[in-house]
Amino acid sequence: MSDKAAGVQSVERALDVLEALASAGKQMGVSELGQVAGLPYATIHRLTATLVTRGYVRQDPRSRKYLLGARLVKLGASAGRVLGDWIQPYLQELVDLTGETANLALLEDGDVVYVAQVSSGRMMRMFTEVGQRVPPHGTAVGKVLLAHQPRQAVERILERNGLPAATPNTTTDPDALLTELDLVRTQGYALDMEEQEVGVCCVAVPALPMDGWVAAMSVSGPTGRMGQETRGRIIADMVRVSERLTASMAANPPHEPPPRAPDPGAPLS
């Protein structure tokens with residue numbers, strides 16, 4: 001094997017290790033990592049040693065098992081900002097269509113992280129802002145993101161974070177939440193009916209499917225402006241925008257933000 005080919009293979013194997021740890025959402029030993037990544041013990045040991053040195057993986061001093069390192073947080077934050085900039089025109093389109101605030105959120109280390117927002121010009125701004133982290137169970141975006149995670153990963157998040165009540169309407173029963181997540185996955189959208197903030201309703205849909213749903217778009221507004229009929233129209237608008245965003249992402253992965261979103265009247269691809 002040439003030096004170039006060996007270098008490419010090493011990069012691929014290192015990424016296999018990182019993806020295995022990310023998918024597991026827990027500490028993993030060398031043997032378990034080898035089984036998941038399909039790599040021999042010696043290779044896993046060499047790769048993890050390098051990743052630990054660079055800060056992308058850390059080793060628990062008690063269990064001696066491995067988990068993702070803090071340096072990935074910096075990379076994730078940078079990637080989130082790039083993604084947020086790229087999606088901004090699509091969020092602006094949602095604001096133009098609905099008159100309400102639009103957000104993009106990701107799931108990071110068990111929390112919802114808001115990475116982009118376009119605010120409504122109407123009265124009553126939302127509590128959310130870019131960079132804010134909140135528990136996922138009481139938000140529409142969080143329910144969308146949890147609904148497209150493996151059940152075991154969701155249960156680990158709930159066990160670790162609990163289900164604190166932000167308002168009297170927040171779901172605090174794990175079984176009730178898991179049942180709701182099944183419904184979210186089936187119907188394709190999630191609702192937050194004053195569960196995160198009294199007086200505020202939010203609807204969310206999945207966005208950017210890449211090996212599973214990795215982001216969620218939401219529209220939030222005062223409960224008085226978000227009745228059932230209005231929510232239905234907003235969800236339909238959001239699904240159309242999400243489909244165009246996904247098609248655009250697949251055709252042209254974001255290196256720079258596009259100048260504007262596609263024409264809302266254009267047919268879906």
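The residue pairs whose first member lies in the range 9-36 and is touching a residue at least 40 places away in the same chain (Cβ under 8 Å), whose second member is surrounded by fewer than 19 Cβ atoms within 10 Å (Cβ to Cβ), and whose beta carbons are closer than 7 Å, counting only pairs six or more residues apart or on different chains, are Leu21/Leu67; Gly25/Ala153; Gly25/Arg156; Lys26/Arg156; Gln27/Asp60; Gln27/Ser63; Gln27/Lys65; Gln27/Leu67. If the condition is being out of contact with any strand residue (DSSP E or B) (no Cβ under 8 Å at 6 or more places or on another chain) and buried (at least 17 other Cβ atoms within 10 Å of the Cβ), then the range 186-204 contributes Glu195, Glu197. Look at (1) at pLDDT below 80; (2) in a loop (DSSP other than H, G, I, E, B) and you find that Arg62 fails only one, number (1).
Scanning the range 141-160 for residues that are small (Gly, Ala, Ser) and either in contact with a strand residue (DSSP E or B) (Cβ under 8 Å, 6 or more places away or on another chain) or part of a loop (DSSP other than H, G, I, E, B) (or both) yields Gly142, Ala147. The set of residues from the range 153-181 being more than 26 Å from Gly199 (Cα to Cα) and loosely packed, with under 13 Cβ neighbours inside 10 Å comprises Glu159, Arg160.
The values are calculated or read from the model by the stated rules, or taken from the named source; none is laboratory data. Keep in mind it's a predicted model, so treat the numbers as computed, not measured. Here the Cβ is made from the backbone with ideal geometry for all residues, glycine too, and neighbour counts use every protein chain on show.
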